[in-house]
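Remarks on the structure that follows.
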Amino acid sequence: MNPIAQTLKPLARKPRVLMLTLAVAAALTGCGKDAASPETTAAPAAKAGPALTLDESKLSPVNRFMASDLDTTKSACVDFGGFVNGKWLAANTIPGDRTSWGAFEMLGERSTGVQRQLAEQAAAMKDATGVEKIVGDLWSTGMDEAKINAQGIAPLKDRLDAIDALTDGASVAEHLRKSFSRGEQAVFGFGPSADFKDSSMNIAYVAQAGLGLPDKAYYFDADKKKDLAAYEQHVAKVLELSGVPAADAATQAKDVIAFETRLAKVSKSSEELSRDVSLYYNPVTIEAADKATPNFPWSKFFEAQGIAAPKMFSLAMPAFHSEFDKMLADTPIESWKSYLRYHMVDGASPHLSDAFAGEHFNFHRAALRGQKEQQPRWKRVLDTIEGQSGEALGQMYVQVAFPPESKARMEQLVKNLREALKPRLENLAWMTPETKKKALEKWATFTPKIGYPDKWRDWTGLNTSRDSYIGNVLAANEFNYKWNLGKIGKPVDRTEWGMSPQTVNAYYNPQLNEIVFPAAILQPPFFDAKADDALNYGGIGAVIGHEMIHGYDDQGSRFGPTGNFENWWSEADMNGFMGLTGKLIAQFNAYEAAPGKYVNGKLTLGENIADLGGLAVAYDAFKRATEGQKDAMVEGLPREQRFFLNWGTVWRRNFTEKELATRLVTDPHAPANFRAIGAPSNHPAFAAAFSCKAGDPMVRDGDNRIAIW
């Protein structure tokens with residue numbers, strides 16, 4: 001995790017992009033030509049340039065709610081998830097090239113189909129410039145399998161030679177400084193984000209990283225021993241592929257595991273990082289930081305990155321950096337070389353020859369997450385384009401895939417949800433007037449972003465070609481990193497987005513107090529401009545409410561109206577809030593996700609708060625929008641039921657056994673089937689809509705019913 005990714009509260013788990021660095025740098029990389037102030041360009045949805053087209057017949061169908069999907073042999077009051085999604089889940093097994101399959105993935109497949117058409121058109125353009133050249137070059141070189149296989153690992157030779165030449169801790173420190181200056185991060189993550197105490201300004205953040213497994217638990221827990229053993233074998237295989245003799249590779253792999261285990265001991269867990277955002281904020285002066293890590297002076301690090309030494313930056317998780325500093329002094333140089341060599345090659349493997357890409361898949365996707373087949377090359381190349389130049393592709397995407405009427409309808413829905421949230425805040429029985437006033441101040445400053453940025457990023461200075469895929473990836477990686485560094489010490493650009501328009505997701509950023517809805521999620525089952533209000537409020541309306549409530553979840557509520565990290569709560573109100581959230585933790589702790597494996601109610605608390613409140617706000621807005629209107633009874637179903645049925649449809653999703661096991665440890669979102677039932681079981685309107693009775697599994701009443709916002 002990193003400070004930027006942690007402050008963004010997405011609706012669903014954002015897929016991990018395995019880039020050159022397997023640290024936490026994916027969200028800390030941007031793009032730009034130097035460390036100067038970032039530039040943007042004005043962005044209407046359509047722009048002058050080559051005409052782009054879209055063939056709808058080549059796209060996968062949308063996945064919308066249909067009454068025929070309902071399993072009427074089940075009771076909505078007893079098994080709501082089975083009633084809404086049971087038939088669909090049984091009929092829609094997980095494709096071999098995925099680890100989960102549901103509403104999000106189906107929309108993602110459709111978005112990917114659009115992206116493929118655009119990338120192919122960009123690659124075919126003669127003398128292309130701007131975003132079309134970047135996308136076209138990445139696509140063309142990424143799809144040239146023969147050239148990639150012929151090049152093998154040769155494009156990394158200079159980097160591997162530099163690692164082989166290391167002699168001691170001081171040379172490792174210098175190597176890290178140089179690698180970071182190219183955007184190739186290892187051991188720790190580094191990048192800009194808004195200052196917790198002054199959200200209008202960007203500062204530098206440093207955070208823990210360096211582990212090759214998803215969470216520290218994988219190095220210590222008994223039920224993760226097989227994963228750890230598989231990881232050791234994978235490390236050995238990657239080192240062998242990179243040119244290390246097999247016997248030596250096996251020995252070096254043990255050194256890498258020991259190295260990472262030492263880092264894991266001083267690392268925070270996924271649960272700790274998800275539930276205490278303050279861990280990312282440890283402001284220090286350069287002088288104090290140099291004293292804390294004498295073997296890795298931060299004054300030299302900032303100088304190597306081309307950044308003027310700041311008066312202050314955040315050296316988060318100080319125990320981690322203290323151990324890193326000790327390791328520079330007492331860890332054998334051969335262990336450092338093995339560790340750095342492995343992570344360099346493994347991080348680059350998706351962009352290298354088939355042997356490297358195949359081994360990367362065998363462990364990271366097959367062994368860890370249960371994926372049966374590697375995705376076809378075209379999908380993997382699009383993943384790379386998304387990771388390295390997502391907004392460039394997004395600039396093309398919105399020209400063909402986002403009609404103006406969708407944005408207009410969404411703006412009205414957001415307005416309606418905001419209006420519905422206000423009286424809920426005003427009428428909270430458990431909150432005192434003083435704290436309530438602060439909550440309303442925060443409500444008044446919500447900023448919505450819909451579809452795509454008002455300004456596009458300027459990609460001037462990123463030089464891509466048709467020569468080398470990994471060469472283009474390395475160039476974009478460095479370009480992104482330097483563009484991001486240009487933000488440090490500068491005012492926060494409030495027009496910037498944390499997701500591309502083609503991403504099927506949404507998020508809340510507490511430091512900007514903004515809710516963001518990329519264009520690609522504005523499709524069924526979430527949103528349909530032609531659908532009735534019940535479906536839209538139960539789908540995208542609940543998503544809007546979800547993102548708004550993130551401003552008041554257990555971590556978002558620690559940021560005030562201006563986005564500063566501050567306590568605006570009275571002690572009595574905070575105690576009351578914690579009492580209510582404790583009940584929600586207990587509710588989700590009781591959900592058994594697999595035999596003997598339960599949902600972690602604390603890890604998933606923020607998302608569960610957002611689901612609970614978001615659904616309630618959406619229902620209020622839905623009732624106001626349909627007040628005085630005759631119920632149309634679409635597909636023979638009353639609109640009250642259709643509202644909740646579409647909520648359930650959004651959360652239809654199958655997981656592989658390994659994917660589910662990984663998410664239970666690392667994902668701050670509860671498995672989808674529990675999100676489908678968790679919030680509505682607390683809403684009396686659900687029980688009324690389906691004529692449920694006290695004692696039914698979907699009816700939480702009395703002291704068991706939880707209402708927070």
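The values are calculated or read from the model by the stated rules, or taken from the named source; none is laboratory data. Predicted model only: the values in this text are computed from it and were never measured. Note that each Cβ is placed from the backbone with ideal geometry, even for glycine, and that neighbours are counted across all protein chains shown.
Could you please find all residues in the range 139-188 being assigned to a helix (DSSP H, G or I) and among the β-branched types (Val, Ile, Thr)?
Matches in the range 139-188: THR141, ILE148, ILE163, VAL172.
What's the total number of residues in the range 291-317 that are out of contact with any Ser or Thr (no Cβ under 9 Å at 6 or more places or on another chain), over 23 Å from PHE479 (Cα atoms) and of a type outside the set (Lys, Arg)?
Number satisfying all stated conditions: 5.
Name the residue, out of ASN480, ASN472, ASN463, ASN416, that is of a type outside the set (A, V, I, L, M, F, W, C) and part of a loop (DSSP other than H, G, I, E, B). Before the answer, list the steps.
Values: ASN480 fails: part of a loop (DSSP other than H, G, I, E, B); ASN472 fails: part of a loop (DSSP other than H, G, I, E, B); ASN416 fails: part of a loop (DSSP other than H, G, I, E, B).
The conditions single out ASN463.
How many residues does the range 289-322 contain that are surrounded by 15 or more Cβ atoms within 10 Å (Cβ to Cβ) and among the polar types (S, T, N, Q)?
Number of matching residues: 4.
Read through the list (1) over 20 Å from the mean Cα position of the chain (by Cα); (2) within 30 Å of ALA408 (Cα to Cα); (3) outside any loop (DSSP other than H, G, I, E, B), then give the number of the only condition that ALA529 fails.
(3)
Being within 18 Å of ASP528 (Cα to Cα), in a loop (DSSP other than H, G, I, E, B) and not aromatic (Phe, Trp, Tyr) is the filter here; which residues of the range 57-77 pass it?
Matches in the range 57-77: LEU59, SER60, PRO61, VAL62, ASN63, ARG64, MET66.
Mind checking which residues of the range 151-170 are of a type in the set (Gly, Ala, Ser), surrounded by fewer than 18 Cβ atoms within 10 Å (Cβ to Cβ) and touching a residue at least 24 places away in the same chain (Cβ under 8 Å)?
GLY152, ALA170
Of all residues being at pLDDT below 95 and over 20 Å from VAL634 (Cα atoms) in the range 60-81, which is surrounded by the most Cβ atoms within 10 Å (Cβ to Cβ)? Just the residue, please.
Taking the candidates together, the pick is SER60.
Has the range 287-301 got at least one residue that is among the aliphatic types (A, V, I, L, M) and out of contact with any strand residue (DSSP E or B) (no Cβ under 9 Å at 6 or more places or on another chain)?
Within the range 287-301 (the criterion being among the aliphatic types (A, V, I, L, M) and out of contact with any strand residue (DSSP E or B) (no Cβ under 9 Å at 6 or more places or on another chain)), the answer is no, since none of the residues qualifies.
Taking the residues in the range 258-270 that are assigned to a helix (DSSP H, G or I) and farther than 10 Å from SER338 by Cα as candidates, determine which candidate is nearest to the chain's Cα centre (by Cα).
SER270
Working only within the range 243-261, note down all residues that are surrounded by 21 or more Cβ atoms within 10 Å (Cβ to Cβ), closer than 21 Å to GLY358 by Cβ and not aliphatic (A, V, I, L, M).
GLN252
Considering the range 644-661 alone, what residues qualify as being among the hydroxyl-bearing types (Ser, Thr, Tyr) and surrounded by fewer than 22 Cβ atoms within 10 Å (Cβ to Cβ)?
THR656
Let's see how each residue does on (1) at pLDDT 95 or above; (2) touching an Asp or Glu at 6+ places or on another chain (Cβ under 6 Å); (3) in a helix (DSSP H, G or I); (4) surrounded by 23 or more Cβ atoms within 10 Å (Cβ to Cβ):
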site: ALA355; (1), (2), (3), (4): yes, no, yes, no
site: LEU368; (1), (2), (3), (4): yes, no, yes, no
site: GLN371; (1), (2), (3), (4): yes, no, no, yes
site: LEU382; (1), (2), (3), (4): yes, no, yes, yes
site: LEU393; (1), (2), (3), (4): yes, no, yes, yes
site: VAL400; (1), (2), (3), (4): yes, no, yes, no
site: SER406; (1), (2), (3), (4): no, no, yes, no
site: LEU425; (1), (2), (3), (4): yes, no, yes, no
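Which one of the conditions (1) free of Cβ contacts under 8 Å to residues at least 12 places away in the same chain; (2) on the phi > 0 side of the Ramachandran plot; (3) small (Gly, Ala, Ser) does ALA429 fail to meet, given that it meets all the rest?
Here ALA429 meets the rest and fails (2).
Name the pairs: first residue in the range 500-526 and in the same structural domain as ILE549 (by TED's automatic domain parsing) and over 28 Å from PRO561 (Cβ atoms), second residue part of a loop (DSSP other than H, G, I, E, B) and of a type in the set (Lys, Arg), Cβ to Cβ under 8 Å, at least 6 apart or on different chains?
Going by the 8 Å Cβ cut-off, the qualifying pairs are PRO524/ARG64; PRO525/ARG64.
Might you let me know whether the range 462-469 holds any residue that is farther than 30 Å from ALA357 by Cβ, among the hydroxyl-bearing types (Ser, Thr, Tyr) and touching a Leu at 6+ places or on another chain (Cβ under 8 Å)?
No, the range 462-469 contains no residue that is farther than 30 Å from ALA357 by Cβ, among the hydroxyl-bearing types (Ser, Thr, Tyr) and touching a Leu at 6+ places or on another chain (Cβ under 8 Å).
Based on this model, can you work out whether SER338 counts as assigned to a helix (DSSP H, G or I), farther than 18 Å from ILE257 by Cβ and of a type in the set (Ser, Thr, Tyr)?
It is false that SER338 is assigned to a helix (DSSP H, G or I), farther than 18 Å from ILE257 by Cβ and of a type in the set (Ser, Thr, Tyr).
Scan the range 255-264 and tell me whether some residue there is among the charged types (D, E, K, R), farther than 30 Å from GLY606 by Cβ and not assigned by TED's automatic domain parsing to the domain that holds GLU607.
Yes, some residue in the range 255-264 is among the charged types (D, E, K, R), farther than 30 Å from GLY606 by Cβ and not assigned by TED's automatic domain parsing to the domain that holds GLU607.
List pairs: first residue in the range 356-377 and more than 14 Å from ASP227 (Cα to Cα) and among the basic types (Lys, Arg), second residue in a helix (DSSP H, G or I) and modelled with pLDDT of 95 or more anywhere in the structure, Cβ distance under 7 angstrom, at least six positions apart or on different chains.
Going by the 7 Å Cβ cut-off, the qualifying pairs are ARG377/GLU145.
If you take the residues in the range 556-570 that are among the polar types (S, T, N, Q) and not in a helix (DSSP H, G or I), which one is surrounded by the fewest Cβ atoms within 10 Å (Cβ to Cβ)?
The extreme case among them is ASN567.
Check off (1) under 28 Å from THR167 (Cα atoms); (2) loosely packed, with under 15 Cβ neighbours inside 10 Å; (3) in contact (Cβ under 8 Å) with a residue 12 or more places away in the chain for ILE286 and give me the number that stays unchecked.
Unmet condition: (2).
Just give me the residues in the range 102-143 being in contact (Cβ under 8 Å) with a residue 40 or more places away in the chain, more than 15 Å from SER389 (Cβ to Cβ) and more than 29 Å from the chain's Cα centre (by Cα), in sequence order.
MET125
Look through ALA618, ALA586, ALA534 and report the one residue that is part of a helix (DSSP H, G or I) and surrounded by fewer than 17 Cβ atoms within 10 Å (Cβ to Cβ).
Among ALA618, ALA586, ALA534, only ALA586 is part of a helix (DSSP H, G or I) and surrounded by fewer than 17 Cβ atoms within 10 Å (Cβ to Cβ).
Name the one entry in GLU323, GLU232 that is under 26 Å from GLY358 (Cα atoms) and touching a residue at least 24 places away in the same chain (Cβ under 8 Å).
Of GLU323, GLU232, the one residue that is under 26 Å from GLY358 (Cα atoms) and touching a residue at least 24 places away in the same chain (Cβ under 8 Å) is GLU232.
List the residue pairs whose Cβ atoms are under 9 Å apart, where the first residue sits in the range 462-474 and is modelled with pLDDT of 95 or more, the second is among the hydrophobic types (A, V, I, L, M, F, W, C) and in a loop (DSSP other than H, G, I, E, B), and the two are 6 or more positions apart or on different chains.
That search, which allows pairs on different chains as well, returns LEU462/CYS31; TYR469/MET143; TYR469/LEU352; ILE470/LEU20; ILE470/LEU352; VAL473/MET19; VAL473/LEU20; LEU474/LEU20.
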